[in-house]
Each structure stands twice: as C-alpha cells, then as structure tokens.
Amino acid sequence: MEDIICPYPWDCGKTIEPKKLSKHDYDFLSSASEKKMIFMIIHCPECSREFKFNTVQWKSDKFGYSDPNITIEKKGKTIKQLTAILDRAKVDIPLAYFDYLISGEFDSQISIFSNEENFNLYDLNQLCEKINVDGTSYLTISQLKGFVHSLLEITDRISPKGQDLNYKDISNCLTIGSENTKLLCIDYRDQNSLWIFHPDGGDIERISVTLENIIKRQNLNK
C-alpha cells in the first residue's frame, strides 16, 4: 500500500507508512482497500487525530478539525433567513426546540455521560451552515444523509442486522450537536428521543436523555 499524508498540515501533515498505523487501523485499511471503500476513519500515528480516508482515490481529508491559525469572520443571518434555509431544505425542527434555540435560555453545553466530555449543541446559525460529507454539501442539521449515503455504498444498501435504526431511519434524523466525532441527533419519528451516531462505524445508540430534557435542562448528567 502507498503512503498516506496526514491532512492536518498546520502542525503535522506528515507522510505515513501504512504499517505504522495501529493494528486496528491497519487491518481496517487493508479490508477497506479490498472492498474499495470511499469512506472510513483512521488515526494519524503522529498527531493522533482522526481523519477521513478514501481508499479508491487514496486520499485523506480532515474530519472535525480546522486550522486554528485561520480566523474566519462569519456574519450571522436573521431568524427569518435561517427559517427560509430550513424551509428550502425541507427540514422541520421540532417547534419546542426551535423556540429554545432562539430564546435567551439556550445553552450550548450538555452533559450526556457523567464520565465523558460535554456535547456541544449547535445554535441555529450553525445548524444551517453547510458542511462537506464525501464531496457533497449538506446542512449541518442534515449531515446524517451524507454519512448514510456513503455507508449504503459500501454495504450494498443493506442495514446491519440487529441495529435499532436502519440506515434510512438514521438519514432522516436531525443532528443537533457533537462531541469529538460523535453526533447527537433527534429521532424524526417521535421528535423527542435522542441518539448518538458514530460516523466511523455507522453504529447508533439510543440515550436516556430526551429533547424535552434538554429544553427544560432536567435529568441531565452533571
């Protein structure tokens, strides 16, 4: 296998020999190469960061990290403009949560697991920002559609047996926050249950905290 370049040039960007990857990542890369996977997550052995990798193009890409030396000034949109963006994308945020987002009570930090880092909840502007998932642009709130699209391509459009939500259901869930690479999303079916999606493997887990808990700031781990 050819060398891989770490996609974080500001403090790493080193050329990596595949054999220097962890055993787990090396085995995963070998298997993914045989299957011609276009989306996988591996770790740089030099800086320890996760990054996306396309085994067909043999190309790495950033995943959740940006150059801290580059400052981008963003001009916030009005609530009317943001609502129009959501309408065009046919995204319906549960009304109670929408009201919470635009209220003075919104708190971006939430503890899901007492022994882990807090999740960061996206504000309304962030939810409407566009992100790139495997070469296609999605609103942050709809990014699961992109991840599921890639997963379906490498699984012959078959969802894993025994998984609580199939890939079609996952793609319809709304992403409202994250912690590292884990994504916090709302179950579109009841618009209250919350799930954590793991992009690197496509796994999803239901959590006891609900959207109502977040809005009322009740029954959250401290």
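The values are calculated or read from the model by the stated rules, or taken from the named source; none is laboratory data. What you are looking at is a predicted structure, and each value in this text was computed from that prediction instead of being measured. Glycine gets a Cβ as well: all are built from the backbone with ideal geometry, and neighbour counts include every protein chain shown.
If I72 passes every condition in (1) among the β-branched types (V, I, T); (2) touching a helix residue (DSSP H, G or I) at 6+ places or on another chain (Cβ under 9 Å); (3) at pLDDT below 90 but one, which one does it miss?
(2)
Within region 171-200, which residues are among the β-branched types (V, I, T) and free of Cβ contacts under 8 Å to residues at least 60 places away in the same chain?
Of everything in region 171-200, just one residue is among the β-branched types (V, I, T) and free of Cβ contacts under 8 Å to residues at least 60 places away in the same chain, namely T175.
Based on what the data block shows, is S33 surrounded by 16 or more Cβ atoms within 10 Å (Cβ to Cβ), modelled with pLDDT of 90 or more and hydroxyl-bearing (S, T, Y)?
yes
Out of the residues in region 102-142 meeting the condition of being of a type in the set (S, T, Y) and part of a loop (DSSP other than H, G, I, E, B), tell me which one is surrounded by the most Cβ atoms within 10 Å (Cβ to Cβ).
Step by step, filter region 102-142, then rank; the result is Y122.
For residues in region 207-222 being touching a residue at least 60 places away in the same chain (Cβ under 8 Å) and assigned to a loop (DSSP other than H, G, I, E, B), which is nearest to P94 (Cα to Cα)?
Within region 207-222, the match that is nearest to P94 (Cα to Cα) is R217.
For A96, are the conditions met, namely being in the same structural domain as C173 (by TED's automatic domain parsing), in contact (Cβ under 8 Å) with a residue 12 or more places away in the chain and at negative phi?
Here the answer is yes, as A96 does meet what is asked.
Looking at (1) of a type in the set (A, V, I, L, M); (2) in contact with a Phe, Trp or Tyr (Cβ under 8 Å, 6 or more places away or on another chain); (3) in the same structural domain as A32 (by TED's automatic domain parsing), find the lone condition where I110 falls short.
(3)
Provide a single number: the residues in region 173-222 that are over 9 Å from the mean Cα position of the chain (by Cα), under 15 Å from F119 (Cβ atoms) and of a type in the set (F, W, Y).
1
So which residues in region 184-206 are touching a helix residue (DSSP H, G or I) at 6+ places or on another chain (Cβ under 7 Å) and assigned to a strand (DSSP E or B)?
C185, I186, L194, F197, I204, listed by residue number.
Only residues in region 27-54 that are hydroxyl-bearing (S, T, Y) count as the first member; pair them with residues that are surrounded by 15 or more Cβ atoms within 10 Å (Cβ to Cβ) and not in a helix (DSSP H, G or I), Cβ under 9 angstrom, at least 6 apart or cross-chain, and list the lot.
As it stands, the answer is S31/M37; S33/T55, since those pairs meet every condition given.
Of these, K222, K168, K182, which one is in contact with a His (Cβ under 7 Å, 6 or more places away or on another chain) and either modelled with pLDDT of 90 or more or outside the structural domain of E50 (by TED's automatic domain parsing) (or both)?
Result of the check over K222, K168, K182: K182.
Rundown of residues vs (1) out of contact with any strand residue (DSSP E or B) (no Cβ under 8 Å at 6 or more places or on another chain); (2) β-branched (V, I, T), yes/no style:
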| position | (1), (2) |
| --- | --- |
| I4 | no, yes |
| K20 | yes, no |
| L29 | no, no |
| S33 | yes, no |
| I38 | no, yes |
| I42 | no, yes |
| P45 | no, no |
| S48 | yes, no |
| V56 | yes, yes |
